[in-house]
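Heads up: the structure comes next, in structure tokens.
None of the figures in this text is laboratory data; all of them are computed from the coordinates on show. Model, not experiment: these values are computed from the prediction. Cβ atoms come from the backbone with ideal geometry, glycine included; neighbour counts cover every protein chain shown.
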Amino acid sequence: MKQYNVRKIFLMIVDAVIVALATLVSNALLSVYGIVVHHDTYSAAVQPIRVFGIMGLNVLFCFFLLFIAGAYNKVWRELKTSDFVAAAAATVIGLLISYGFARFMGHPASIRYMVTNIVVTVVGVVGFRLIFRNTLMTLIHLGEKENENRERTLIVGAGNAARMILQEIKFAKDDPNNPSNSILPVCMVDDDMSKYHTKINGVDVVGQTKDIPLVCRQYNIDLVIFAIPSCSEEERKRIMGYCSESGCRIKTVPYLSQLFLDDDSDHHIMSQVKDIKIEDLLGRPPITFNKKKIRDFIYGKKCMVTGGGGSIGSELVRQIAKYHPEQIIIVDIYENNAYDIQQELYIDYGDSLNLVTLIASVRDRDKMDKIFEEYHPQVVFHAAAHKHVPLMEVSPTEAVKNNIFGTLNMVNLAEEYGVEKFVMISTDKAVNPTNVMGATKRCCEMIVQNKSQQGGKTEFVTTRFGNVLGSNGSVIPLFRRQIEAGRPVTVTHPDIIRYFMTIPEAVSLVLEAGAIAKGGEIFVLDMGDPVKITTLAENLIRMYGKVPYRDVEIKFTGLRPGEKLYEELLMDEEGLEKTENKKIFIGNQIDIEDEKLTEQLNQLHAIVETNDNDATVKQLESMVDTFHHAVN
């Protein structure tokens, strides 16, 4: 029998006993009163032969009215004044119906008896509830004092993952240093109705996932643990929405494919429970990649990463380091970022990683020439670029110098020094660009493709993807700063949409593309459905425990110069070719006229040397047929 039904039946039995005893006690009181005052034993009391009949009627009708009033559907520790009033009213009405029925049957009771019985019964029914609730709350309070340093936790899902979490928390009590000791499991929710009002390892299942916001308020929840690793993308997105509405801190169990479950203590499930990230609300699982191909590609190679201190470049360096390269050469013009990733890798790998960190600009061909001559990289990942769209609208000559001619330097040096593979990082903004940054990246793609068409030992490849969550210049860090500063979140347009991927996904694409490249390809990632930036902002606000538009305003500022409502990943003239990874496609190679491109680049170089912004933009429009500069 379910735990809930046992509790319900117990409370019904208690009420029945209280009503029955109240009938007898009332009769006994009036009997004594009659002897002492009126010398008439039954002046107000009911004759003994009738009292048991009235007692049965009282129990029947009081129980029925209490049931109708929902007295057994309440969590008694949550009882409010209105619940006590409802129980009293149900009891009074039940007794009045009972007396009316008794009179109809020819067994009337005196008014004095009726009043006495009503008062005694109501005091018994309401008093028991009051004492029960207060005793329960005292016990809970004592338990809370004992657990005052533990987070009151709701577990979403009552399956195997939740059972494992509860088991680990239980055994963690014997280890004062175990981080699970900071968690106090209070209740659970699950959409399987057969689990409703049951207990899992002593913790109640109190509702469904749609009840998460309400449950968190009722039980004073501090932390929500999402423990359904096997649920679908859409279900995860839906339930995460409820979790974010709760205003509580959220942790999540990884997808089933990402879980490590074995006897190793480092692989216990609680050690894999992480704080929710904004990407958990995007509604798709992380994309998997062929690690063996990447390992074969990187192992024992000298790998250079330009822009190695940036968000993409630094993640490239991290992932490359896992595959045991012969050497990693970080090249970056910004010393702080370069220093940060250098120190991180020193801490993680010590002397086991052959790491070189160099401060240099890809615009400086002579400097880069000396680096190639000294280190002879076998694989080059070119991530260095100016990428902030509004800033490049103001400074187009700088975008050209860094993005286009920096890339041209790297491509020529890679060919000159016999680099095995050259992988350039591009962007979806290069497709039908409406801004200077996108136009410069399309020129970079043309340079790489043109060099590949010329043949030679070096395999040149481009990787193109959409917006990267959390990268420098992306909307998420900006939204976080605005929320934390108590300011409105600014979105350019209510209907603006973008494709998103995580930094690790973007970098894994770059690595696998490099591994399978034959030369000249533009690799495109299937990024799933686009996401409205407004929805992203709303979800992020909820993750901070706030209500969008009430606690944090969302302000629409208008499209910025060169900004589109939506981005594209493929140009009209490009087709799609499948690869072994169903999420990675190859855009067909487009022939580039070598002489024409060279002449255009020479003209562009002469223009940018004069720092003439308008002339620079006009030259970009002549070089990139699909560039339609949008000045909003």
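The label point for residue 340 and the one for residue 454, both projected 7 Å from the Cα toward the Cβ, are 3.7 nm apart.
Applying both filters, DSSP loop and at most 11 other Cβ atoms within 10 Å, to the chymotrypsin sites (Phe, Trp or Tyr not before Pro) of segment 297-368 gives 299. The modelled label-to-label distance for the pair residue 375/residue 605, using points 7 Å beyond Cα in the direction of Cβ, is 2.4 nm. How much FRET efficiency would the formula 1/(1 + (r/R0)^6) give for residue 160 and residue 220, where r is the Cβ-Cβ distance and R0 is 25 Å, rounded to 0.05? About 0.35, to the nearest 0.05. A Förster distance of 51 Å, applied to the separation of the beta-carbon atoms of residue 535 and residue 21, puts the FRET efficiency at 0.30. The ranking of 101, 479 by Cβ neighbour count inside 10 Å, starting from the fewest, reads 101, 479.
Per-residue packing, averaged as other Cβ atoms within 10 Å, sorts the ranges 411-424, 504-517 into the order 504-517, 411-424, beginning with the highest. Here segment 291-623 is described by how far its Cα atoms reach on the three principal axes: 60, 49, 40 Å, from widest to narrowest.
Site pair residue 349 and residue 556 shows an inter-label distance of 4.8 nm when each label is modelled 7 Å from Cα along Cα→Cβ.
Straightening the chain between residue 232 and residue 110 buys 37.2 nm, computed as 0.36 nm per residue apart minus the Cα-Cα spacing.
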